[in-house]
Protein chains: 2
Amino acid sequence: MFSKACEYGIRAAVYVALQSLEGRRVSVNEIAEEIDSPVAFTAKILQQLTRSKVIHSVKGPTGGFEIERTDMDTVKLSMIVHAIDGDNIYVGCGLGLKECNAKKPCPLHDKFVAIRTDLKKMLESTSLYELATGLEVGLTYLKR
Amino acid sequence: MFSKACEYGIRAAVYVALQSLEGRRVSVNEIAEEIDSPVAFTAKILQQLTRSKVIHSVKGPTGGFEIERTDMDTVKLSMIVHAIDGDNIYVGCGLGLKECNAKKPCPLHDKFVAIRTDLKKMLESTSLYELATGLEVGLTYLKR
DNA sequence: TATAATTCGGACAAAATTATCCTTTATTTT
DNA sequence: AAAATAAAGGATAATTTTGTCCGAATTATA
């Protein structure tokens, strides 16, 4: 569904949010360690998330990644996915046809659009805060 | 969503079904031409579909690919996807965690499972015949 | 029986994705 | 000011996916 990069990106963002709720700023090394991802690759992904304003980075000693409490509400899963995978998930025909639309639909068009609309709704309505708080309360898990 | 190979595979299978409804057996060249896909790569995919009994192949002159009318009903989209992409779509955590299940769910678990269940239902309930007949009647399109 | 048409199968090539390494830049602390 | 720490960025490598090529096997037809 998501690319590996996107999976790491979501996990990383959720971890940053969780730690920011505790008032902690976290380093790439800690993030990669905690979400069980390759460090250098994760660093690249964090750069993308920083450039697209999903999280915030600070250089130098005591630096690292963080996200403000209010941003945890405005940042939706859809933004993270878009920052890393672009609009691949939203755009295009399920069967890979260039010209596929309501007027000239592929055989799977309607059924595919239905699923994708649900996915889109889900991504657009799920905030980083929502994901982080489940972890905080111990309802959900990120490691392994 | 699906891999390129899978997209080609579905389009190819639907085209074979459509032509079989007309009593025609079709060659790799014709299929690739009609569904606008790379010939040699399509040949590989047709081999997979043949091995997994989604379609039937005949060697030699007048040979080609075909599918029996009754099989168009039993062959569901899910079988094609499984033959080419394996169980990637069905199995595994949305965030790529190895251990993610109802007991120890990742933060996205429930929402992800919901979407995937819908996708699964759609794939398992959509037959090749259904896809082919839309084309036949001119309601849907495969080219381009 | 020879020829031609077709799928099958293996080896290879190109492109995209995933992943690593190392240097530079910014910033805090000593 | 120097040293140390952490992100940023560029170059490169490994792996997977996508795609090509070519010879072998099969079979209908002349």
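The values are calculated or read from the model by the stated rules, or taken from the named source; none is laboratory data. All figures in this text were calculated on a predicted structure; none of them were measured in a lab. With ideal geometry, Cβ positions are generated from the backbone for all residues, glycine too; neighbour counts draw on all protein chains shown. The area values use the complete protein model at the heavy-atom level, side chains included, leaving out ligands, DNA and RNA. Shrake-Rupley method; radii C 1.70, N 1.55, O 1.52, S 1.80 Å.
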Review point. (1) within 30 Å of A:LEU77 (Cα to Cα); (2) assigned to a helix (DSSP H, G or I); (3) open to solvent by 50 Å² or more (accessible area, probe 1.4 Å): which one isn't true of B:LYS98, the others all being true?
Key: (2)
Review point. B:ALA5: under 25 Å from B:LYS120 (Cα atoms), surrounded by 19 or more Cβ atoms within 10 Å (Cβ to Cβ) and touching a helix residue (DSSP H, G or I) at 6+ places or on another chain (Cβ under 9 Å), yes or no?
Key: no
Review point. Hey, any hits in the stretch A:83-95 for a residue that's within 16 Å of DNA strand C (Cβ to nearest atom), assigned to a loop (DSSP other than H, G, I, E, B), aliphatic (A, V, I, L, M) and open to solvent by 80 Å² or more (accessible area, probe 1.4 Å)?
Key: yes
Exercise for review: Those residues that are under 20 Å from A:THR140 (Cβ atoms) and either part of a loop (DSSP other than H, G, I, E, B) or without any contact (Cβ under 8 Å) to a residue 24 or more places away in the chain (or both), I need them from the stretch A:31-67; list them, please.
Suggested key: A:ALA32, A:GLU33, A:ASP36, A:SER37, A:VAL54, A:ILE55, A:ILE67
Point to revise | Answer from B:THR126, B:THR140, B:THR74, B:THR117 - the residue that is in contact with a strand residue (DSSP E or B) (Cβ under 9 Å, 6 or more places away or on another chain), open to solvent by less than 70 Å² (accessible area, probe 1.4 Å) and of a type in the set (Val, Ile, Thr) | key: B:THR126
Exercise for review: Return yes or no: is B:LEU119 within 16 Å of DNA strand D (Cβ to nearest atom) and under 19 Å from B:GLU7 (Cβ atoms)?
Suggested key: no
Check your understanding: What are the residue pairs meeting all of these: first residue in the stretch B:109-132, first residue closer than 15 Å to B:ARG69 by Cα and more than 9 Å from chain A (Cβ to nearest Cβ), second residue open to solvent by less than 20 Å² (accessible area, probe 1.4 Å) and in a helix (DSSP H, G or I), Cβ atoms under 7 Å, and 6 or more apart or on different chains?
Key -> B:SER127/B:MET72; B:LEU128/B:ALA13; B:LEU128/B:VAL14; B:LEU128/B:ALA17; B:LEU128/B:MET72; B:TYR129/B:ALA17; B:TYR129/B:MET72
**Study point:** the stretch A:16-49, residues that are under 12 Å from the mean Cα position of the chain (by Cα) and either within 12 Å of DNA strand D (Cβ to nearest atom) or more than 14 Å from every other protein chain (Cβ to nearest Cβ) (or both)
**Key:** A:VAL16, A:ILE45, A:LEU46, A:GLN48, A:LEU49
